[in-house]
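Right, one structure below, let's go through it.
No lab work stands behind these numbers, since they all come straight from the coordinates. Treat the numbers as computed from the prediction; the structure is a model and nothing was measured. With ideal geometry, Cβ positions are generated from the backbone for all residues, glycine too; neighbour counts draw on all protein chains shown.
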Amino acid sequence: MPEIGIGILGGGYMGKAHAVAMSAVGAVFGTTLRPRLEMVSASSHASAEKYRAAYGFQRAARDWQELVADPKVEAIVIASPQSTHRAVAEAAFALNKPVLCEKPMGATLEDSEAMVAAAEKSGCVNMVAYNYIRTPASQYARKLIQDGVIGDVTWFRGEHTEDFYADPQAPATWRTDGDANGTMGDLAPHMINAALALIGPVSSLMAEVERVHENRPGGMVTNDDHAQMMVRFQSGAMGHMYFSRIATGRKMGYAYEISGTKGAIRFDQEDQNALWLYRMEDAEAERGFRKILTGPAHPDYLPFCQGPGHGTGYQDQIIIEAKDFLEAIAKGKPSWPTFRDGLDVKRVVEAAMTSSRTKSWQSVLSK
């Protein structure tokens, strides 16, 4: 099997997840390309060396520039802070190296637009790491909608809610500083991406973005705690989305409800191996939501387990993501979501921020 040298920028939460995924993906999916953990970089050479030893990389880089430029690093995974994404991606594309970038793509809309331009100019494979939409259940939900099982979609409700800052006395950290680290920068992109994948483009929206806790032990809060928006999709469907890091009791509230003219779908990431489906064609006495447990008949499930209902987990989503990235490189074809798809998410975020400031409906324009 041909190998491909992988360089990962960042060894923390997501850096580790990508390293584990690249180590496992060949065995799980039998990919044509077999990744080799070639090099890792971090905020310091000492940190990179620690991650090298922990995750099994061949070498530790002194900085990200060394990693990107190294000839044995043939594909790049960006799992470093958003402020670094643009520079790293542009450098990688200049060397014709494929890039998988953690969401959201850039710290600003300008960064994201520049990253798309660099990606498309290079012709290299480029992909944004939206992992939650890759669960077998959500992939199946997307197929049900595309196949017309629930008819024409009339309504969408989505949320990404967590409670890691529900306690007003939780101390200020890097997460409480700067728009890119607020709820609209951190959590909202995942559910916006889901809405675009399941329902299609957003044409207009009205949003409220709010900071609830102005001060925390250790400093002032400069970004948003929660936000909501009404949306109109280009298909004509109506919708509502809510995002929060102060949603008491919610741990991974990535959830959606979709109503159509022939049925409806419900999903909640806290029960990620189940999808709820309602069909109007059922007999009246039997009509109701049925719980579908994911199994080998659903997308990307069988390589992990032959038993229905046994389930997949968070790390498996990242392994599926790695498989899609490697297959795109092997085939020389884009894999959804590309950088341009990531830019569509960023445009919705920017429109929401503008709407909240101006207290007005905003069009979501794409180029």
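Worth pointing out:
- In straight-distance terms, cross-link reach from K323 covers every one of the aspartates and glutamates whose alpha-carbon lies under 19 Å from its own, apart from those fewer than eight places away in the same chain; here that gives E3, E38, E74, E102, D300, D341.
- Spin-label model distance (nm) - K143 vs A297, 7 Å beyond Cα toward Cβ: 1.0 nm
- Once both labels are positioned 7 Å from their Cα atoms along Cα-to-Cβ, the gap between D70 and L95 label points is 1.0 nm.
- Tensor-based shape of the chain (alpha-carbon gyration tensor, a/c under 1.5 rounded, otherwise prolate or oblate): oblate
- In summary, the lysines within cross-link reach of K262, defined as a Cα separation below 29 angstrom excluding same-chain residues under 8 places away, comprise K143, K291.
- The chain: antiparallel DSSP beta bridges as a percent of all, rounded to 5: 60 percent
- Using a cutoff of 8 angstrom between alpha carbon atoms and counting only pairs six or more residues apart, the relative contact order for the chain works out to 19 percent.
- Rounded, prolate or oblate (a/c below 1.5 giving rounded, otherwise prolate when a/b exceeds b/c) for segment 281-367 by Cα gyration tensor: oblate
- Here the residues S112, S80, S244, ranked from fewest to most Cβ neighbours within 10 Å of their Cβ, fall in the order S80, S244, S112.
- Ranked for footprinting exposure by Cβ neighbours inside 10 Å, fewest first, E321, E49 give E49, E321.
- The chain, helix-only ellipticity at 222 nm - DSSP H runs n ≥ 4, -39,500 (n - 2.57), divided by all residues, nearest 500: -10500 deg cm²/dmol
- Listed by number, the DSSP H helices of the chain that run 24 Å or longer by alpha-carbon position along their axis and have mean Kyte hydropathy of at least 0.5 come to an empty list.
- Under 15 Å from the H240 label point (7 Å along Cα→beta-carbon), backbone N, segment 275-291: none
- For segment 82-109 versus segment 260-284, the spacing of their alpha-carbon centroids is 37 Å.
- Proxy reagent accessibility, fewest Cβ within 10 Å first, across D152, D341, D316: D152, D341, D316
- For the chain, the longest site-free run once chymotrypsin sites (Phe, Trp or Tyr not before Pro) in DSSP loop states with at most 14 other Cβ atoms within 10 Å are removed: 1-163
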